[in-house]
Amino acid sequence: MTTPAWPRLDGIAYGGDYNPEQWPREVWDEDVRLMREAGVTMVSIGIFSWGLLEVREGEFDFAWLDDIIALLHANGIAVDLGTPTASPPAWFFAQYPDARAVTKDGVPLGFGARGMVSHSAPEYRTAIDRIAGALAERYGDHPAVVLWHIHNEYGVPVGEDFSPHSVRAWRRWLQDKYGSIAGLNAAWGTAFWGQHYEEWDHVGAPAIAPSTINPAQKLDWARFTDEMLRECFRIEKAAIRAHASQPITTNFMANQHHGVDLWAWADEVDIVSDDHYLWAADVEGEIGLAIAADLSRSVGDGKPWILMEHSTSAVNWQPRNVAKRPGEMARNSLSHFGRGADGILFFQWRAGRSGAEKFHSAMLPHAGTESRVFREVVDLGGKLGRLAEVQGSRVEADVAVLWDFESFWAQDLEWRPSEDVSHDERIRAFYERLWRDDITVDFALPGHDLSRYRLVVVPSQYLLTARDAANLTAYVAQGGTLVVSFFSAVVDENDAVHPGGYGAVLAEALGVRVEEHLPLREGHVTGIRVDDQVFAADVWQEDLVVTTADVRATYTAGPAEGRPAVTRNVHGEGVGWYISTRPDADGLRAIMREVYADAGVDVPATPAGVETIVRRGTDADYLIAINHDTREVSLTASGTDLLTQADVRDTLVLAGGDVAVVRLAHTAPRGDR
Ligand code: GAL
């Protein structure tokens, strides 16, 4: 059986999670009628339906699912069929109480929410194999089913599991990884605090302990937890593949949950799909959205991906659930689309009356069809319907920002030099700079072939292996521009400090040595001088020893006053920059202007608050322009606006809050090299 690269669908997929089982049969007819009105082409069903599909162990009731799939098919709506394994039924836990996940403090999780299961429990693994296989056997060749959606958001709400099943699996995993207990002792540095082991059975999970637990043990625990989830995914994938050839996905949570290594997961799925929700507390949520979208595209090696869930308006699970304002949903959707999403779906089609998510927005809100949200949903369906020719085109970036889940896991452990240092915060700061400069970014791993990028940004990558550091050094030697933020390259894969000291593995590329970290007190704002300008800087300084680098900024205050703060090093054909503090936004802008000049990266003259992205197709390039500002702006472009069919001659005028997708008359200049 060959698996198609994309669901059998025309154009950009549009739709959402659909839960017909929550509604009486007569509502289904109205649903499909309104879906057609809205231009819905695909819905995800069955994701939380296990208890209604396998009513008792091994006893299936597919009648209602047969009916709804037939109804959808008759109305030309394709199905993304979920396996319901994120939420096993009540009978499962009654029968297998030991298959519940256990918290760090030893409490088995209770039923009544979702996701309480131990992914290591053999009974769970048998059960997911059975239900996934049964679904695939029944619907594997159904013409409506174009995609399989395994599980839901692996890693939430349950990732870590301290149950006896999990601890047994953990010991097996460690034995496979290390081969000998001596290997484990060496990797974990167990000579420290008397943690030496002689027996595998004595190695426990990093649950509650009197003080900080061995960080190498915790790092391995994060890897193990991720791997257990992936093993479950593989069981389901194999069960489906035995009967079905449609592509298989599972919905990620790029940039909202760091517990699973999306680079590894992307190798397992046929199509990357992602869920993204705005954080109400982030007043510029469109930047976080762009990060998630670029990460989703990047982990899938640039291939088109599916935005599996986002919201039409407010969610229900944040402290304050802020509703989207007119036009915001379309801007969000078009930004995902511009960044490579060829499917725009929502949680959920119809707002639920009962249950914990009844205050969550939907395509069809509680207010019904006479509502702004529904009108905008219909309008968006129309817009996406006009973008079919863009499907399959690709985004090209000249700049990569490193994103390594292992480094997240390591840096998030306890007893670090300063709790004010965050990998996430540095990624956002550098990305935000690039976003404001309207420069398109890919994310990458430090071990990737980076030669296609003019510039690579390393935002506080605490864990960097010697091998990956050598890759970055070679990238510079061969002509790349590398910019490295403080607290990078500190430890190796076992959370052990690199021989030679902090950053030693990048010393050749950067031309500096870090003698001492100088974390600052909370609220202590110091300064750096860049040429004749002084900018604020906080959180961190370092005692830097310059070997071959030039000093580009010095500290004007604080423990390293008068000493180098920012350096630039020519190494081989390229340049390595080091920023040893957290400059404010203006300071970072000044430094990055110089970095761009080294890298040959042009800053387009895009008006503030506007993002543009180019998707390159085989026959044409497409400019996606989104105006987040309330003022009208003008951009330089020529071609046809696919949303309005208007001719664009030299100038694209975008009203406040508006979006445009222009088939460009000429190949876009960006990316030409
Ligand atoms: C997602 C989840 C959905 C729904 C949604 C609400 O994380 O996959 O099932 O709960 O959140 O925002």
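Please specify each residue of the range 233-280 satisfying the condition of being within 16 Å of the ligand (Cβ to nearest atom) and hydroxyl-bearing (Ser, Thr, Tyr). Passing the criteria: Thr249, Thr250, Ser273, Tyr277. Comparison of Asp282, Asp267 shows that the only residue that is closer than 30 Å to Ile240 by Cα and not assigned by TED's automatic domain parsing to the domain that holds Cys232 is Asp267. Checking each residue in the range 216-256 for being aromatic (Phe, Trp, Tyr) and not in a helix (DSSP H, G or I) picks out only Phe252.
Contact annotation: residue pairs with Cβ atoms under 9 Å, 6 or more positions apart or on different chains, pairing a residue in the range 582-600 that is on the phi > 0 side of the Ramachandran plot with a partner that is at pLDDT 95 or above, are Gly600/Asp398; Gly600/Arg454; Gly600/Leu455; Gly600/Thr481. Taking the criterion of being within 18 Å of the chain's Cα centre (by Cα) and farther than 17 Å from Trp540 by Cβ, the residues of the range 416-433 that qualify are Tyr431, Glu432.
If we scan the range 30-42, do we find a residue that is over 19 Å from His366 (Cβ atoms) and either acidic (Asp, Glu) or within 16 Å of the ligand (Cβ to nearest atom) (or both)? Within the range 30-42, not a single residue is over 19 Å from His366 (Cβ atoms) and either acidic (Asp, Glu) or within 16 Å of the ligand (Cβ to nearest atom) (or both). Against the numbered list (1) assigned to a loop (DSSP other than H, G, I, E, B); (2) surrounded by 15 or more Cβ atoms within 10 Å (Cβ to Cβ); (3) in contact with a helix residue (DSSP H, G or I) (Cβ under 8 Å, 6 or more places away or on another chain), Ile213 comes up short only at (3). Applying the set (1) surrounded by 15 or more Cβ atoms within 10 Å (Cβ to Cβ); (2) under 20 Å from Ala239 (Cβ atoms) to Val55 leaves exactly one unmet item: (1).
For the range 120-173, the set of residues classified as away from the ligand (no atom under 16 Å from the Cβ) and among the small types (Gly, Ala, Ser) consists of Ser120, Ala121, Ala127, Ala132, Gly133, Ala134, Ala136, Gly140, Ala144, Ser163, Ser166, Ala169, listed by residue number. If only residues of the range 151-180 that are among the hydroxyl-bearing types (Ser, Thr, Tyr) and in a loop (DSSP other than H, G, I, E, B) are counted, the one that is surrounded by the fewest Cβ atoms within 10 Å (Cβ to Cβ) is Ser180. Just one residue in the set His336, His366, His360 is out of contact with any helix residue (DSSP H, G or I) (no Cβ under 6 Å at 6 or more places or on another chain) and touching a residue at least 40 places away in the same chain (Cβ under 8 Å); that residue is His360.
Within the range 4-19, the set of residues being away from the ligand (no atom under 15 Å from the Cβ) and either at pLDDT 95 or above or surrounded by 14 or more Cβ atoms within 10 Å (Cβ to Cβ) (or both) comprises Trp6, Pro7, Leu9, Gly11, Ile12, Ala13, Tyr14.
Please state which one of Val539, Val525, Val530 is surrounded by fewer than 18 Cβ atoms within 10 Å (Cβ to Cβ) and β-branched (Val, Ile, Thr). Result: Val525 is the single residue among Val539, Val525, Val530 that is surrounded by fewer than 18 Cβ atoms within 10 Å (Cβ to Cβ) and β-branched (Val, Ile, Thr).
Does any residue of the range 490-504 turn out to be farther than 26 Å from Ala599 by Cβ and hydroxyl-bearing (Ser, Thr, Tyr)? There is no residue in the range 490-504 that is farther than 26 Å from Ala599 by Cβ and hydroxyl-bearing (Ser, Thr, Tyr).
Within the range 184-232, if we keep just the residues that are over 21 Å from Phe252 (Cα atoms) and of a type in the set (S, T, N, Q), the residue that is farthest from the chain's Cα centre (by Cα) turns out to be Gln195. Does Ile235 fit the bill of being in contact (Cβ under 8 Å) with a residue 60 or more places away in the chain, within 25 Å of the chain's Cα centre (by Cα), surrounded by fewer than 22 Cβ atoms within 10 Å (Cβ to Cβ) and assigned by TED's automatic domain parsing to the domain that holds Ala132? So Ile235 fits the description; yes.
Answer yes if at least one residue in the range 444-458 is more than 15 Å from the chain's Cα centre (by Cα), polar (S, T, N, Q) and under 26 Å from Gly587 (Cα atoms), and no otherwise. Looking through the range 444-458, none of the residues is more than 15 Å from the chain's Cα centre (by Cα), polar (S, T, N, Q) and under 26 Å from Gly587 (Cα atoms). I'd like the full set of residues that are in contact with an Asp or Glu (Cβ under 8 Å, 6 or more places away or on another chain) and either among the aromatic types (Phe, Trp, Tyr) or surrounded by fewer than 23 Cβ atoms within 10 Å (Cβ to Cβ) (or both), limited to the range 543-558. Correct list: Asp543, Val545, Arg552, Tyr555.
Of all residues in the range 65-86, those satisfying the criterion of being in a loop (DSSP other than H, G, I, E, B) and free of Cβ contacts under 8 Å to residues at least 60 places away in the same chain are Asn75, Gly76, Pro84. In a residue-by-residue description of the range 127-149, the property of being under 30 Å from Arg36 (Cβ atoms) and basic (Lys, Arg) applies to at least one position.
Meeting the requirement of 2 or more residues that are within 16 Å of the ligand (Cβ to nearest atom), the strands (runs of 3 or more DSSP E) wholly within the range 301-404 are 305-309, 341-346.
Looking only at residues of the range 43-64 that are touching a residue at least 40 places away in the same chain (Cβ under 8 Å) and not in a loop (DSSP other than H, G, I, E, B), we find that the one that is nearest to the ligand (Cβ to nearest atom) is Ser44. Filtering Val401, Val373 for residues that are over 25 Å from the mean Cα position of the chain (by Cα) and under 22 Å from Gly285 (Cα atoms) leaves a single hit, Val373.
Under the condition of being hydrophobic (A, V, I, L, M, F, W, C), over 21 Å from Asp379 (Cα atoms) and without any contact (Cβ under 8 Å) to a residue 40 or more places away in the chain, which residue from the range 282-316 is surrounded by the fewest Cβ atoms within 10 Å (Cβ to Cβ)? Ranking the qualifying residues of the range 282-316, first place goes to Val283.
The values are calculated or read from the model by the stated rules, or taken from the named source; none is laboratory data. Keep in mind that this is a model prediction, so the values were computed, not measured. So basically every Cβ, Gly included, is an ideal-geometry build from the backbone, and we count neighbours across all protein chains shown.
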